[in-house]
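Only one structure is covered here, and it is reproduced in the block below.
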Number of protein chains: 4
Amino acid sequence: MRKKPRIGVIGGSKPNKKALELAYKTGKLIAEKGAILVCGGLGGVMEAVSRGVKDAGGISIGILPWDKLDVCNQYIDIPIVTNVGYMRNALVVLNSHSAIAIDGSYGTLSEIAYGMIYGKKVFGLETWDVPGVNHMQNPEEAVDLAYKEALNVVGGKPQG
Amino acid sequence: MRKKPRIGVIGGSKPNKKALELAYKTGKLIAEKGAILVCGGLGGVMEAVSRGVKDAGGISIGILPWDKLDVCNQYIDIPIVTNVGYMRNALVVLNSHSAIAIDGSYGTLSEIAYGMIYGKKVFGLETWDVPGVNHMQNPEEAVDLAYKEALNVVGGKPQG
Amino acid sequence: MRKKPRIGVIGGSKPNKKALELAYKTGKLIAEKGAILVCGGLGGVMEAVSRGVKDAGGISIGILPWDKLDVCNQYIDIPIVTNVGYMRNALVVLNSHSAIAIDGSYGTLSEIAYGMIYGKKVFGLETWDVPGVNHMQNPEEAVDLAYKEALNVVGGKPQG
Amino acid sequence: MRKKPRIGVIGGSKPNKKALELAYKTGKLIAEKGAILVCGGLGGVMEAVSRGVKDAGGISIGILPWDKLDVCNQYIDIPIVTNVGYMRNALVVLNSHSAIAIDGSYGTLSEIAYGMIYGKKVFGLETWDVPGVNHMQNPEEAVDLAYKEALNVVGGKPQG
């Protein structure tokens, strides 16, 4: 499990209906690729993408802002507590090999910025128009490219 | 000193000449108001604004990314080490009552995002065009409004 | 996996031979119980306990001090980067439902202290004699009690 | 102010009367030496030592666990928020050149451990009996040695 590509999905806790559908579809595709999802572990885009992963039999890591292991959305397999509040946004990105940003407010903007700071490729679906974000047409394209990048970072074929 | 308004100045480590001049002028004005400067403590905009503060007899706090108290620009009065790397960007904002963004790259973008997340007013000089940033014409206007906001947050007249 | 009891194992990076044997045995027993290991992810006691977990087919989470996902001992299944240096000691404990301390130096002492601060039960094998640590005779006793406590914290029977 | 020696004082929030007296006296002596106090900024030993510093005209830095700049004891001159909860214990030590431990519970134990981890000299007054702590007879002796060590770390004579 250690060498599997990890794709971070970042996005807001109060998305519109379209963003939720994009997130759910993105989650399903991540799991079908065999990648691990890393996200913030809470509601909105985070919950929809985790649900997509769960429905496709995948694994999701939730990087939580507080110190409560049992307070996260119900689809998270591996909750991780950080107790650093919104600074955990940086850790969502840092624990991923590449990232997909969906919709989102200022939390997502901070995560996009950290993606650039830490040198992670960020693919966007209806999100902030920030230089460096690779805007995608649909979840298929986003997951395809994010997976290839993550695989490249991990350094070869994924291993169990 | 504890109740003095604190103005955070965020900006990049590789600014152009104009940004350096804006930063230096901003620092002088912050000190002349009697406010305390909070910044990231390193080079570029951070160094120029700290130098401006120093030249006007003010006080500057530098929130550093590493664990070395003695590695910061020479104009910082109170270096603070955090050892959390770029996550310290959040702490620059959190230790300020209001903020001024000057020029800047992705680090500055993360700080603007944290400003919005934490509910701090952010005033901008030739910086990222992000919704919520109040773009200013010059350092005088920026410091004037940032100082009023900081004073408002502190809750009244500044005290020694 | 989310509701499985998590047992943290804390211990030094330069243990003697006896401590390594205790750690390996402890890891095997944790995996045989079906609990998840949480540790610091590096060498010494951390590596020995992770190896024990791996040999018994279990799962281990490594909470790492830096930002490099691929720098940890080879038996870690789920590396998590924190980039907060030795402050990650607190996060090893916070991500566990109970903890076992084996041997160890000041890092382990800090983790024992955080166990008490955060209200986690800590069981000890040849470790610091600090009030609050429940000293055990052998790995069997330590894992048995740490597992019962973790199960109690999780709140019932473990679930997949 | 930047090159002044900094002495960290660590101790519990619920000390007995004797510890409060030791802390107050320690604070006075730190200020009289011209050193800066670094502490956790809250009650008990932290408040008593800050009060001692204030009464002798010195300066104190309070490293706070939360994100509220205005919630600290009334004698703190420079509150710093970290928002990392009890992990801030590490930062109290890291922002000091040497440390004095007075009385204290597990929080103080974690700070003593971090003192050893980070290579800071720790002087003790009626505190945990941990190897590496230099136990002192009285505040005079503790401040004298802590000041000399801090001066040595700073590297020469203190500067404004």
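The values are calculated or read from the model by the stated rules, or taken from the named source; none is laboratory data. Treat the numbers as computed from the prediction; the structure is a model and nothing was measured. Cβ sites come from the backbone with ideal geometry, for glycine too, and all protein chains shown count toward neighbours.
Structure notes:
- Verdict on C:Ile102 being modelled with pLDDT of 95 or more and out of contact with any Phe, Trp or Tyr (no Cβ under 9 Å at 6 or more places or on another chain): yes
- Taking the listed residues D:Gly41, D:Gly11, the one that is at pLDDT 95 or above, within 10 Å of the chain's Cα centre (by Cα), buried (at least 24 other Cβ atoms within 10 Å of the Cβ) and closer than 19 Å to B:Ile78 by Cα is D:Gly41, with no other qualifying.
- C:Tyr24, sole failed condition from (1) of a type in the set (Ser, Thr, Tyr); (2) in a helix (DSSP H, G or I); (3) within 12 Å of another protein chain (Cβ to nearest Cβ): (3)
- Residue match in region D:75-83 (condition: surrounded by 23 or more Cβ atoms within 10 Å (Cβ to Cβ), in contact with a Ser or Thr (Cβ under 8 Å, 6 or more places away or on another chain) and in a strand (DSSP E or B)): yes
- Among residues that are part of a loop (DSSP other than H, G, I, E, B) and closer than 16 Å to A:Tyr147 by Cβ, A:Gly58 is included.
- None of D:Asp129, D:Asp70, D:Asp77 is of a type in the set (Asp, Glu) and in contact with a Lys or Arg (Cβ under 8 Å, 6 or more places away or on another chain) except D:Asp77.
- Residue in region B:147-154 that is over 27 Å from D:Arg88 (Cα atoms), out of contact with any helix residue (DSSP H, G or I) (no Cβ under 6 Å at 6 or more places or on another chain) and modelled with pLDDT under 95 present: no
- Residue in region C:14-27 that is surrounded by the most Cβ atoms within 10 Å (Cβ to Cβ), counting only those that are free of Cβ contacts under 8 Å to residues at least 40 places away in the same chain and within 12 Å of the chain's Cα centre (by Cα): C:Gly27
- Within region A:108-146, the set of residues being surrounded by 23 or more Cβ atoms within 10 Å (Cβ to Cβ) and assigned to a helix (DSSP H, G or I) comprises A:Thr108, A:Leu109, A:Ser110, A:Glu111, A:Ile112, A:Ala113, A:Tyr114, A:Gly115, A:Pro139, A:Ala142, A:Val143, A:Ala146.
- Residues in region D:42-51 that are of a type in the set (Gly, Ala, Ser) and in contact with a helix residue (DSSP H, G or I) (Cβ under 8 Å, 6 or more places away or on another chain) were compared, and the one that is farthest from the other protein chains (Cβ to nearest Cβ) is D:Ala48.
- For region D:87-121, a tally of residues being within 22 Å of B:Val93 (Cβ to Cβ) and either more than 8 Å from every other protein chain (Cβ to nearest Cβ) or of a type in the set (Phe, Trp, Tyr) (or both) returns 2.
- Residue that is surrounded by fewer than 23 Cβ atoms within 10 Å (Cβ to Cβ), among the basic types (Lys, Arg), in contact with a helix residue (DSSP H, G or I) (Cβ under 6 Å, 6 or more places away or on another chain) and more than 14 Å from chain A (Cβ to nearest Cβ), where the choices are B:Lys68, B:Lys54, B:Lys33: B:Lys33
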